[in-house]
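Notes to accompany the following structure.
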Amino acid sequence: MSAADGLVARTRRLDSDADLLVVAGRDGWLFERDRVGVAGRGAALALDWPAGDPDAAAATVASALAAIPCAVEEGLTGPGCGPVAFGARPFEPTAAARLVVPSVVVGRSEDGTCWVTTVAASSGGDAAHDGLAATVVGAAPPAALPRPRQVTVASALDPEDWCALVERATKELDGGAMDKVVLARELALTADRPFDPFAVLTYLRRRFPGCHVVSMDGLLAASPELLVSRAGDVVRSHPMAGTAPRGGDPTTDQRLAASLLASAKDRQEHQVTIDMVHDTLLPWCSYLDYEAEPSVVAVANVQHLATLVQGRLSRPAPSVLELVATLHPTPAVAGSPRDDAIAWILDHEGFDRGRYAGTCGWVDAAGNGAWAVTLRAAELSGGSARVVAGNGVVPDSDPAAELAETNAKFEALLTALVRP
């Protein structure tokens, strides 16, 4: 369905708690962090999200969502109420994308308030909305699929060849071509049985608390990095750049975290991303600031330098889609200068990143929404899966160390897909 004609929406409060992962199920839409967010099923409306003029694209999406009449229960006025569109942009900023408005969306706020929005043909009346809501509210988790018995893993580029590419990049960087370029590796998995998206998401949510858990049209992720969110006039971003492994015990982790904070290379790489995010958002803001010192965010297998950027948007506030279009991709996943780094990646990396290092999230009719950088992600289709991992290369990068860092990042998704 490509037009909102004849559709109506209804949003009402839920009396019971909702598990958004169960709402999304095996093939739905999910964006949550610490059990807060939105999830959906079905597709009432599909919207093109062209890569051209970000203002025009955001206006088109906003108009389409606003064109769906919505009856909202009194007291439900926050972000995510009413029709919501989910989507994921590829890494390449010139690539188009698609947004989908699910037939049923369930939301859960930080205070535990839960609601359900249904989008149906106006001719169906209340019965259509009640029927849609009944399909997900109170539904049981899907039954587990049999695990694959055999999985093969193949890399299009040998590790030695990838290290040679890193070395080539360091020489060009040392010559002043760029300050930094992010290089990625791709692995393809083939199993004798279909992978179970619900089992993968369940594992990721349990192992990576505090991350954005995402399911969007075959894309599954547990991303630690918030690209941007908008809630009314409040804008936030949580850029991350600079990574260290975890050692398996608190003492080693503390030592590695201290080394990360003391690393001039990682601090400079991180500051480049902060400056880009701050300078990009500032023209839209009446107030914007970021933390004076980065913190170390630890996830299950690695730890990152991170800095919260937060401010107030001037009115009229831009849609979160406008903010996404101008921020994506950040130097954390591309490099610096950004346009030069993107061009070098497209010319030399040797594969299409697709939605890896892109951005994924949701937007409502008011322009509120939240979008994460698509990291720690896999793309699934039956018994096939694709995982990608990358890291920033600077003039003094060591190819062997960069290879080891990508292996550490691969571990999370490989374990989720092939664990016994």
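The values are calculated or read from the model by the stated rules, or taken from the named source; none is laboratory data. Fair warning: this is a prediction, and the values are worked out from it, not measured in the lab. When we count neighbours, we look across all protein chains shown, and the Cβ atoms used for this are built from the backbone with ideal geometry, even at glycine.
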Regarding the range 205-226, can at least one residue be identified that is in the same structural domain as Thr330 (by TED's automatic domain parsing) and surrounded by fewer than 19 Cβ atoms within 10 Å (Cβ to Cβ)? no
Yes/no for Gly125 being at positive phi, surrounded by fewer than 20 Cβ atoms within 10 Å (Cβ to Cβ), in a helix (DSSP H, G or I) and without any contact (Cβ under 8 Å) to a residue 60 or more places away in the chain: yes
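Could you tell me whether Arg230 is among the basic types (Lys, Arg), assigned by TED's automatic domain parsing to the domain that holds Ala404, within 28 Å of Asp55 (Cβ to Cβ) and crowded, with 18+ Cβ neighbours inside 10 Å? Write out each step before concluding.
Values: among the basic types (Lys, Arg): yes; assigned by TED's automatic domain parsing to the domain that holds Ala404: yes; within 28 Å of Asp55 (Cβ to Cβ): yes; crowded, with 18+ Cβ neighbours inside 10 Å: yes.
Considered against the rule, which asks whether it is among the basic types (Lys, Arg), assigned by TED's automatic domain parsing to the domain that holds Ala404, within 28 Å of Asp55 (Cβ to Cβ) and crowded, with 18+ Cβ neighbours inside 10 Å, Arg230 comes out as yes.
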Filtering helices (runs of 4 or more DSSP H) wholly in the range 241-352 for at least 3 residues that are surrounded by fewer than 20 Cβ atoms within 10 Å (Cβ to Cβ) gives 250-262, 264-281, 338-348
Looking at (1) of a type in the set (Gly, Ala, Ser); (2) closer than 20 Å to His328 by Cα; (3) modelled with pLDDT of 95 or more, which is the one condition that is false for Ala58? (3)
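When the residues of the range 52-69 are filtered to those that are in a loop (DSSP other than H, G, I, E, B) and in contact (Cβ under 8 Å) with a residue 60 or more places away in the chain, which remaining residue is surrounded by the most Cβ atoms within 10 Å (Cβ to Cβ)?
Restricting attention to the range 52-69, the residues satisfying the condition of being in a loop (DSSP other than H, G, I, E, B) are 52-53, 67-69.
Then drop every residue that is not in contact (Cβ under 8 Å) with a residue 60 or more places away in the chain, which leaves 67-69.
On the way: Ala67: 14, Ile68: 21, Pro69: 13.
The selected residue is Ile68.
Of the residues that make up the range 155-169, is at least one outside any helix (DSSP H, G or I), charged (D, E, K, R) and at pLDDT 90 or above?
Taking the range 155-169 first, the residues outside any helix (DSSP H, G or I) are 155-158.
From what is left, the residues that are charged (D, E, K, R) are 158.
After this cut, where a residue has to be at pLDDT 90 or above as well, the list is 158.
Looking through the range 155-169, at least one residue is outside any helix (DSSP H, G or I), charged (D, E, K, R) and at pLDDT 90 or above.
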Among the residues in the range 184-201, are any closer than 28 Å to Val296 by Cα, in the same structural domain as Glu269 (by TED's automatic domain parsing) and acidic (Asp, Glu)? yes
Return only the number of the condition from (1) under 19 Å from the mean Cα position of the chain (by Cα); (2) part of a loop (DSSP other than H, G, I, E, B) that Gly37 does not satisfy. (2)
